[in-house]
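Data first, discussion second: the structure below is written as structure tokens.
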Amino acid sequence: MEGSSSINSRNYNILLILLITSSINIISALEKTSVEFIRTSCSLTTYPTLCFNSLSTKAGAIQSSPKQLAQTALSVTLDTTLSTSSSMVKLSKVHGMTPIEVRAMKDCIEMLSDSVYELKQSIEEMNKPGSKDSGMVINDIQTWVSSALTDEDTCSEGFKNDPKMKSVVRGKIVNVVHLTSNALALINSYASLRG
């Protein structure tokens with residue numbers, strides 16, 4: 001009887017090891033598929049390397065969902081825009097700026113604030129429970145993200161007479177502009193799949 005119990009225990013351990021190994025292999029395969037989905041989707045954006053690098057760490061959440069990919073791209077963009085906006089507020093407090101630079105900086109911060117609002121609106125609309133993602137909803141999202149992109153891109157225009165400050169500001173917002181461009185491309189791709 002005792003030998004039988006030992007065999008059953010051994011068989012149980014073997015089965016448990018096989019089950020764990022199989023689960024790990026399945027999870028690994030799913031993650032690999034998700035990463036490939038992200039790589040392929042990002043190849044259609046203007047900045048594919050940035051797109052992949054910013055989204056691949058979230059492959060588990062994205063899986064192979066075009067909607068989840070677009071939502072995640074928007075979230076990453078919003079987080080980066082908030083961080084950049086905060087950085088711009090700190091930069092605006094540096095002493096020694098001319099009155100024209102101060103005005104341009106205030107305009108830039110306001111544009112980034114508008115961009116944050118538009119990105120939040122887009123995320124909120126995409127995340128609405130039971131949202132049917134009607135054509136009108138997708139069009140609104142595309143419009144908000146396009147507006148955010150324009151606001152961000154225009155931010156450094158006020159510094160056209162000051163190449164050094166324009167370079168500093170542009171250096172801070174270029175990543176945001178590129179992430180927003182990528183998010184818009186992924187939203188457009190998602191919209192095209194919906195017909």
**Potential extension, T33-S113 segment - 0.36 nm per residue separation minus Cα distance** = 25.1 nm
**Message:** Output wanted: per-residue J couplings in Hz (rounded whole) for the range 153-167, from phi through Karplus 6.51 cos²θ - 1.76 cosθ + 1.60, θ = phi - 60°, x for Gly and Pro.
**Reply:** 5, 6, 3, 8, 5, x, 9, 4, 8, 10, x, 5, 5, 4, 5
**Prompt:** Got a sec to turn the phi values of the range 60-75 into Karplus ³J(HN,Hα) couplings, 6.51 cos²θ - 1.76 cosθ + 1.60 with θ = phi - 60°, whole Hz, x for Gly and Pro?
**Reply:** x, 6, 6, 6, 10, 9, x, 5, 5, 5, 5, 4, 5, 4, 5, 5
**Request:** Determine the alpha carbon to alpha carbon distance for each of K93/K164; K120/K172; K58/K106; K58/K128 and list only those over 25 Å.
**Result:** K58/K106
**Prompt:** Does the range 83-174 classify as rounded, prolate or oblate by the C-alpha gyration tensor (a ≥ b ≥ c root eigenvalues; a/c under 1.5 gives rounded; else a/b over b/c gives prolate, otherwise oblate)?
**Reply:** prolate
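A short reminder: the numbers here are calculations on the coordinates, not readings from a lab. Quantities reported herein were computed from a predicted structural model and do not represent experimental measurements.
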